[in-house]
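The values are calculated or read from the model by the stated rules, or taken from the named source; none is laboratory data. What you see is a predicted model, and the numbers here were worked out from it, not measured in a lab. Heads up, the Cβs are rebuilt from the backbone with ideal geometry, glycines too, and the neighbour counts pull from every protein chain shown. For accessibility, only protein heavy atoms count, side chains too; no ligands or nucleic acids. Shrake-Rupley method; radii C 1.70, N 1.55, O 1.52, S 1.80 Å.
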Amino acid sequence: MSQFVFYLNTIIGFSLLIIYFKRKKTKQFEASLIVPFLYLELFSNLYELIATDIFSVHSAVYFKVYIFLEFYVLLNLFYKLSGKTMKWLYISFGVLFLLFFIFACLGFEWSFSQSLKTDSYLSAFELIVIYVLAIHWFTRLFKYLPDISLLDMPNFYFVSGLIIYLSGPIFLFLVSSQILSSDPEKFGEYWIINNIFNIILKLFLIKGIWKIKK
């Protein structure tokens, strides 16, 4: 079951890749703020398939690097979505995460179990920040609501997908190191939850991309 969900996530990821390049030439898409995150997702999809699944490369460092890049890509995304307002808030979050990241890495052991523990703390911090920024964005959106439905706005799908993607597996992340230590054979079954929310994110991204006008 876990392998099926993993490959389904991979297939949808490549579908996202095809749709991305098909829509890339439109002027509106070139200006879309989600593009940096799409590149990060596409890189992640390729890495997990080639390095992790095919060659079984140690993924502890990869997860650290991915969380670091993901946080600042999303921070930049929401900063631009907010019309570059409250710059002090975004700088504060950026500095706090950097300090937290350095602190998490100082005692970082090159074991998958310990990596999961520190990654879960970073993910929880990231989730809190994204909640705050998403609330700020939705507040501005409803204050200056354009004359179109939310369901016709690409950014609505992007933000909604990110919130679901970050919120869904957070409790799994927080207990993942304990699960791995107590029942390593069934860890893959629990990890299905993370892959499912990755699939949901990709579906939201695809929907948002299709909503970008040609």
Legend entry - Residue within segment 120-135 that is among the aliphatic types (A, V, I, L, M), out of contact with any strand residue (DSSP E or B) (no Cβ under 6 Å at 6 or more places or on another chain), under 23 Å from VAL65 (Cβ atoms) and free of Cβ contacts under 8 Å to residues at least 24 places away in the same chain present: yes
Inset, instruction - Kindly indicate whether any position in segment 116-128 is surrounded by 17 or more Cβ atoms within 10 Å (Cβ to Cβ), under 17 Å from PHE37 (Cα atoms) and among the β-branched types (Val, Ile, Thr). - result: no
Legend entry - Enumerated helices (runs of 4 or more DSSP H) restricted to segment 145-214, each holding at least 3 residues that are without any contact (Cβ under 8 Å) to a residue 24 or more places away in the chain and within 16 Å of the chain's Cα centre (by Cα): none
Inset, instruction - Test LEU180 against the stated conditions and say whether it is open to solvent by 20 Å² or more (accessible area, probe 1.4 Å) and either small (Gly, Ala, Ser) or touching a Ser or Thr at 6+ places or on another chain (Cβ under 6 Å) (or both). - result: yes
